[in-house]
Amino acid sequence: IGEGQLMVDIPFFGDNNLYRNPNLFPRPNITLDHQDQQRVIHFSNEVQGYGHARGKLWPIEYLKKGNALGKEVTDYQLYHQLMLLFEHRHKARIQKVLEATRFNEHTVFGLHIRAGNGETGDFARKGRGMNDLDGWVERVVLLLCDYEQKHSHYFTKKPLMVYVGTDTGSVMQKLRAESNKTCEIPFVSSDQAFVEEGKSVTWNLGYDDLDKCLKGWEDMFLDMYLFTRCNSVMAGTYSSFTQSAPLSFIMHKAKRQQLQQQEEGDEQHPHYFCDVGVDGNRMDCASTLIGWLNQTTSMTWGVLNATKQRMKHEIMFPVLEGGGAIAQAFGRAGIKMD
């Protein structure tokens, strides 16, 4: 998916398919017997049957050689199909947002702000909220203004615009007010109903009205879909929301851009996945999955001695019982499972 129309590109089919380039996507050497291929995996909120594998524990040379056991390919396959299905069902609503924001006429950065909106429990215990939301908003707008000014050559034909996904409705007013006082970057979002201020958005929130529950899910998934359409994505705080489809799509588009630059000398803005600093005055951006997992950034912008975001950089692998082929591959590669 690029900045324009959806591009149906089913992996492994077609002579010019990106995944046929062995330099970009080395094939993992894994064989599964028939029983493993037919194995059924049951999914829950924490994806039952899967375990975390964190990048800083992995040998960097293995990642380069083994392509994280093909995860970059298979994750994109999965998320691409989910986004296509969502687009098919909600095409009219998506088109309304694209037209209202003039999405395709801009270089769009997706900004995800999981402020918490009064959420307690596990979210609060892990310190994932923002203690000074107003100050953070002020600093992140200045960060983007400075970035736009210093990289103006990227935004001549398609000006910078920021699409915002958030759990706290007042964030949009704060961002727009700060932007109007400075460089006037447009901050946009989809038309959706936010939970009342201070009432929180959480996975175990109960709903008496099932239609309202479904509408809330569709609103969140719409944000995720539009993040996949963005040029780059900025994670304001740690959230698995951005580390799912948005991360996968940005890394895929970065690889496509790498090929285009080699063949055509493409000079469009790079595709980045960025972690915004704790105080909102720096961003650390990666353009490869390996770089993101190992926190070796492609670009850092802002106050370089400011505190980096407390991010968990991890991807999920299946944990097979009985010493299955994938589990054995983990052992051979020295990958440590949490």
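For the structure I just gave you, tell me whether residue 239 is modelled with pLDDT under 90 and in contact with a strand residue (DSSP E or B) (Cβ under 8 Å, 6 or more places away or on another chain). Lay out the reasoning, then the answer.
Details: modelled with pLDDT under 90: yes; in contact with a strand residue (DSSP E or B) (Cβ under 8 Å, 6 or more places away or on another chain): yes.
Against the criterion (modelled with pLDDT under 90 and in contact with a strand residue (DSSP E or B) (Cβ under 8 Å, 6 or more places away or on another chain)), residue 239 qualifies.
Given (1) in a helix (DSSP H, G or I); (2) modelled with pLDDT of 55 or more; (3) open to solvent by less than 40 Å² (accessible area, probe 1.4 Å), identify the lone condition not met by residue 66.
The single condition residue 66 does not satisfy is (2).
What number of residues within the stretch 291-307 are at pLDDT below 85, surrounded by fewer than 17 Cβ atoms within 10 Å (Cβ to Cβ) and closer than 19 Å to residue 255 by Cβ?
Of the residues in that region, 1 qualify.
Of the residues that sit in the stretch 176-208 and are modelled with pLDDT under 95 and aliphatic (A, V, I, L, M), which one is farthest from residue 106 (Cα to Cα)?
The residue in question is 205.
What is the residue count in the stretch 140-163 for residues that are at pLDDT below 95 and closer than 22 Å to residue 239 by Cβ?
Residues flagged as at pLDDT below 95 and closer than 22 Å to residue 239 by Cβ within the stretch 140-163 amount to 0.
Please work out if residue 282 is of a type in the set (Lys, Arg), at pLDDT 95 or above and open to solvent by 10 Å² or more (accessible area, probe 1.4 Å).
Numbers: of a type in the set (Lys, Arg): yes; at pLDDT 95 or above: yes; open to solvent by 10 Å² or more (accessible area, probe 1.4 Å): yes.
For residue 282, the condition - of a type in the set (Lys, Arg), at pLDDT 95 or above and open to solvent by 10 Å² or more (accessible area, probe 1.4 Å) - is met.
Of everything in the stretch 164-175 that's closer than 17 Å to residue 138 by Cβ and outside any helix (DSSP H, G or I), which residue is modelled with the lowest pLDDT?
So the residue we want is 168.
Would you tally the residues in the stretch 83-112 being open to solvent by less than 70 Å² (accessible area, probe 1.4 Å), assigned to a helix (DSSP H, G or I) and not acidic (Asp, Glu)?
Counting residues in the stretch 83-112 that are open to solvent by less than 70 Å² (accessible area, probe 1.4 Å), assigned to a helix (DSSP H, G or I) and not acidic (Asp, Glu) gives 10.
Where the second residue is in a helix (DSSP H, G or I) and of a type in the set (Ser, Thr, Tyr) and the first is closer than 12 Å to residue 146 by Cα and lies in the stretch 174-185, which pairs have Cβ atoms under 7 Å and are six or more apart or on separate chains?
So the pair list comes out as 185/179.
Being of a type in the set (S, T, N, Q) and over 14 Å from residue 82 (Cβ atoms): is that true of residue 228 here?
Criteria not met by residue 228.
Please work out if residue 242 is open to solvent by 30 Å² or more (accessible area, probe 1.4 Å) and part of a loop (DSSP other than H, G, I, E, B).
Working: open to solvent by 30 Å² or more (accessible area, probe 1.4 Å): no; part of a loop (DSSP other than H, G, I, E, B): yes.
For residue 242, the condition - open to solvent by 30 Å² or more (accessible area, probe 1.4 Å) and part of a loop (DSSP other than H, G, I, E, B) - is not met.
The values are calculated or read from the model by the stated rules, or taken from the named source; none is laboratory data. As the structure is a prediction and not an experimental result, all values here were calculated from the model. Because the Cβ atoms are built from the backbone with ideal geometry, glycine has one as well, and the counts that use them run over all protein chains shown. Each accessible area value is taken on the protein alone, full model and side chains, heavy atoms only, with ligands, DNA and RNA left out. Shrake-Rupley method; radii C 1.70, N 1.55, O 1.52, S 1.80 Å.
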